[in-house]
């Protein structure tokens, strides 16, 4: 019995990006589909493989290396260049935040990121999630492995406003 490599599961991602006034009310919102990126999905596959087989790794001759995805960061940027599956970073990263909430339900993963007040106004046109693996994601721009990337119509976040990015992945 052979394996058909063309029959596989895929993740479908979505983003909801909201900007909040200082009083906590929503001022603006963008919704967009996420494009899953090769670097991040390779790390995801390695983490799933490690999680499922680590107890038998030694018996199999230790072919697997430990694989974890944390820490995970959400990032926003200002580039309008179209996203591709081979992207490894955002086009022009403005800021990032460590994951503040994560839930799983019925094959769906939700990752939630909070962006506080900033020193300057941001014009946000792109977003993505960075995971760790062969490269560790940190608070520093362009670190980690890009799991997904999306580009959307510009939204402005003033210095006194906050924002959230909710990334949903359906498997």
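Computed from the coordinates by the stated procedures, all read-outs in this text should not be read as laboratory data. No experiment lies behind these values; they were computed from the predicted model shown. Cβ placement follows ideal geometry from the backbone for every residue including glycine, while neighbour counts extend to all protein chains displayed.
Label zone (residue 154, point 7 Å along Cα-to-C-beta; backbone nitrogen cut-off 16 Å) within the stretch 21-53: 29-30. Shape class for the stretch 40-126, computed from the alpha carbon gyration tensor (a ≥ b ≥ c): prolate, with a/c not under 1.5 and a/b above b/c. Overall dimensions of the stretch 25-72, expressed as equivalent-ellipsoid semi-axes from the Cα gyration tensor (√(5λ), whole Å, largest first), are 35, 12, 7. Averaging 1/r over each pair of different alpha-carbon atoms in the stretch 106-171 and inverting the result gives 13.4 Å, the Kirkwood hydrodynamic radius.
Taking the helices alone, the chain has a mean residue ellipticity at 222 nm of -3000 deg cm²/dmol, built from -39,500 (n - 2.57) per DSSP H run of at least 4 residues and averaged over all its residues.
The simple Förster model, with R0 at 45 Å and r as the Cβ-Cβ distance, assigns residue 80 and residue 53 a FRET efficiency of 0.60. Placing a pseudo-label 7 Å from each Cα along the Cα-to-Cβ vector at residue 42 and residue 92 gives an inter-label distance of 2.8 nm. Plainly put, the chain has a radius of gyration that is 1.03 times its Kirkwood radius, both from alpha-carbon atoms, as the Rg/Rh ratio.
Axis of helix 38-53 versus longest Cα principal axis of the chain: the two differ by about 50°, to the nearest ten degrees.
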